[in-house]
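Here's the structure we're looking at; comments come further down.
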Amino acid sequence: MIIYEENTLNIEDIKTIRESVHWKMFTDQQLQQALNMTVYSIVVKECEQPIAMGRLIGDGIYYLICDVAVIPSYQKQGIGTRIIQQMIEYVYRHLQSDERCSIQLIAAKGKEEFYESLGFVKIPNDLSGHGMQMFIKKK
Ligand SMILES: CC(C)(COP(=O)(O)OP(=O)(O)OC[C@H]1O[C@@H](n2cnc3c(N)ncnc32)[C@H](O)[C@@H]1OP(=O)(O)O)[C@@H](O)C(=O)NCCC(=O)NCCS
């Protein structure tokens, strides 16, 4: 049975799932700090093994969805969709009446349509310019 756990994601889960999708690794210290600063996480498990994850970070006004990944053999079964939907529901639940906020994310190349199907809009658009980013590495 596939289960969706909230806020139990740990370093080993992240490492297992990141490796499966060939993402570069971070140090354990960075991963632990990232988990400590995560407002909401989801880890999906089958037979107690992690198969997918997602993290939401933010301050109640701006949120960022990151680390969304599903182990390849479990992709295209609706798991990624449910992770994103749960995150959107979390954000909605934590708004008071009349409050607003936004959720940002950077789609991996080729994954734009996946996020569009879940209600995200590409930038630039009439309202916003390009999203921008900077990578920083300490020597
Ligand atoms: C992007 C990613 C998270 C999507 O997760 P997923 O679990 O495969 O997503 P879903 O199954 O919910 O949806 C993916 C597609 O499968 C389709 N699908 C969903 N359930 C399905 C099913 N039962 N049978 C067939 N197709 C199905 C969806 O319609 C969707 O179609 P699309 O490609 O046209 O959008 C996953 O591919 C992944 O981890 N990729 C590698 C890491 C990565 O790039 N992460 C994104 C960072 S921004």
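May I ask you to verify whether I136 is within 16 Å of the ligand (Cβ to nearest atom) and of a type in the set (A, V, I, L, M, F, W, C)? Reasoning before the result, please.
On the way: within 16 Å of the ligand (Cβ to nearest atom): no; of a type in the set (A, V, I, L, M, F, W, C): yes.
Considered against the rule, which asks whether it is within 16 Å of the ligand (Cβ to nearest atom) and of a type in the set (A, V, I, L, M, F, W, C), I136 comes out as no.
Please enumerate the residues belonging to the range 107-139 that are surrounded by 10 or more Cβ atoms within 10 Å (Cβ to Cβ) and of a type in the set (G, A, S).
Answer for the range 107-139, where residues must be surrounded by 10 or more Cβ atoms within 10 Å (Cβ to Cβ) and of a type in the set (G, A, S): A107, A108, S117, G119, S128, G131.
Give me the residue from the range 96-107 that is out of contact with any helix residue (DSSP H, G or I) (no Cβ under 7 Å at 6 or more places or on another chain) and closer than 16 Å to I83 by Cα and, out of that set, farthest from the ligand (Cβ to nearest atom).
Taking the range 96-107 first, the residues out of contact with any helix residue (DSSP H, G or I) (no Cβ under 7 Å at 6 or more places or on another chain) are 96-100, 102, 104, 106.
The next check asks that each one be closer than 16 Å to I83 by Cα; those that pass are 104, 106.
Values: Q104: 12, I106: 6 Å.
Ranking the candidates gives Q104 first.
Please tell me if S97 is touching a Ser or Thr at 6+ places or on another chain (Cβ under 9 Å), polar (S, T, N, Q) and surrounded by fewer than 14 Cβ atoms within 10 Å (Cβ to Cβ). Walk me through how you get there before you give the answer.
Values: touching a Ser or Thr at 6+ places or on another chain (Cβ under 9 Å): no; polar (S, T, N, Q): yes; surrounded by fewer than 14 Cβ atoms within 10 Å (Cβ to Cβ): yes.
Taking the combined requirement at face value, the residue does not satisfy it.
Determine which single condition Q77 fails, assuming it passes every other condition in (1) on the phi < 0 side of the Ramachandran plot; (2) more than 12 Å from the ligand (Cβ to nearest atom).
In the conditions (1) on the phi < 0 side of the Ramachandran plot; (2) more than 12 Å from the ligand (Cβ to nearest atom), Q77 misses (2) alone.
Restricting attention to the range 23-43, which residues are within 16 Å of the ligand (Cβ to nearest atom), without any contact (Cβ under 8 Å) to a residue 40 or more places away in the chain and hydrophobic (A, V, I, L, M, F, W, C)?
If the condition is that a residue be within 16 Å of the ligand (Cβ to nearest atom), without any contact (Cβ under 8 Å) to a residue 40 or more places away in the chain and hydrophobic (A, V, I, L, M, F, W, C), then M25, F26, A34, V43 are the ones that fit.
Provide a single number: the residues in the range 46-74 that are more than 12 Å from the chain's Cα centre (by Cα), over 14 Å from K15 (Cα atoms) and more than 12 Å from the ligand (Cβ to nearest atom).
Within the range 46-74, the first condition is being more than 12 Å from the chain's Cα centre (by Cα), and the residues that meet it are 46-51, 59-62, 71-74.
Then drop every residue that is not over 14 Å from K15 (Cα atoms), which leaves 46-48, 59-62, 72-74.
Applying the additional criterion that residues be more than 12 Å from the ligand (Cβ to nearest atom) yields 46-48, 59-62.
The number of residues fulfilling the criteria is 7.
Going by the structure shown, is L127 without any contact (Cβ under 8 Å) to a residue 60 or more places away in the chain and within 16 Å of the ligand (Cβ to nearest atom)?
In short, no.
Please work out if I83 is within 16 Å of the ligand (Cβ to nearest atom) and either among the aromatic types (F, W, Y) or crowded, with 22+ Cβ neighbours inside 10 Å (or both). Lay out the reasoning, then the answer.
Values: within 16 Å of the ligand (Cβ to nearest atom): yes; either among the aromatic types (F, W, Y) or crowded, with 22+ Cβ neighbours inside 10 Å (or both): yes.
Yes.
Name the pairs whose Cβ atoms lie under 6 Å apart, with the first residue in the range 48-76 and within 18 Å of Y4 (Cβ to Cβ), the second assigned to a loop (DSSP other than H, G, I, E, B) and more than 8 Å from the ligand (Cβ to nearest atom), and 6 or more positions between them or separate chains?
M53/L9; R55/T38; L56/V39
Within the range 38-66, work out how many residues are more than 13 Å from V91 (Cβ to Cβ), of a type outside the set (K, R) and surrounded by fewer than 19 Cβ atoms within 10 Å (Cβ to Cβ).
Adding up the residues that qualify gives 6.
Looking only at the range 1-22, count every residue that is touching a helix residue (DSSP H, G or I) at 6+ places or on another chain (Cβ under 7 Å) and without any contact (Cβ under 8 Å) to a residue 12 or more places away in the chain and tell me the total.
0
We did not get these values from a lab; they are worked out from the coordinates using the rules stated. Not measured: the values here are computed from a predicted model. Every residue, glycine among them, receives a Cβ derived from its backbone with ideal geometry; neighbour counts consider all protein chains shown.
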